[in-house]
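The values are calculated or read from the model by the stated rules, or taken from the named source; none is laboratory data. Quick caveat, the model's predicted, so the values are computed rather than measured. FYI the Cβ positions are ideal-geometry reconstructions off the backbone, even for glycines, and counts take in every protein chain you see.
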Amino acid sequence: MSKKETSANKYYLLEFSYDDGKYEITFNIIDLDFVNQTITVSITRAGKITQDTFPLLRDKDGRLYFEYGRFFENKITINDFEKVGD
């Protein structure tokens, strides 16, 4: 297994919940592609599950994040995702 696969695999299915003021939105990481700088997440909102891929960005402190929302106004930081269950 390559180093790239190992580092991306540690993020697989990590979860983050976000309250947008109207709904609780849950994100689960499906794929983190460091080469193409994208993140694919499963998004659960109002009982509906969708999947989307976003550009993976880095802030001035080096933290990875993606932007979510109608106008991409919400910054979702990868470090905020946690392992669920066990």
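Overview of values
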{"item": "Selected residue (criterion: modelled with the highest pLDDT) from residues of region 9-18 that are within 10 Å of LYS83 (Cα to Cα) and not acidic (Asp, Glu)", "result": "PHE16"}
{"item": "Lone unmet requirement of (1) over 22 Å from VAL84 (Cα atoms); (2) out of contact with any Leu (no Cβ under 8 Å at 6 or more places or on another chain); (3) touching a residue at least 12 places away in the same chain (Cβ under 8 Å) for GLY21", "result": "(3)"}
{"item": "Selection from region 14-25 of residues that are under 17 Å from THR77 (Cβ atoms) and either in contact with an Asp or Glu (Cβ under 8 Å, 6 or more places away or on another chain) or outside any strand (DSSP E or B) (or both)", "result": "LEU14, GLU15, PHE16, SER17, TYR18, ASP20, ILE25"}
{"item": "Strands (runs of 3 or more DSSP E) within region 28-86 that include 1 or more residues of a type in the set (A, V, I, L, M, F, W, C) and under 13 Å from LEU14 (Cβ atoms)", "result": "38-45, 64-68, 74-77"}
{"item": "Residue count, region 31-55 (criterion: aliphatic (A, V, I, L, M) and modelled with pLDDT of 95 or more)", "result": "4"}
{"item": "Residues (farther than 17 Å from LYS22 by Cα and either of a type in the set (Asp, Glu) or in contact with a helix residue (DSSP H, G or I) (Cβ under 8 Å, 6 or more places away or on another chain) (or both)) located in region 67-86", "result": "GLU67, ASP80, GLU82, ASP86"}
{"item": "Count of residues meeting criterion [free of Cβ contacts under 8 Å to residues at least 40 places away in the same chain, touching a Phe, Trp or Tyr at 6+ places or on another chain (Cβ under 8 Å), at negative phi and loosely packed, with under 11 Cβ neighbours inside 10 Å] in region 28-86", "result": "1"}
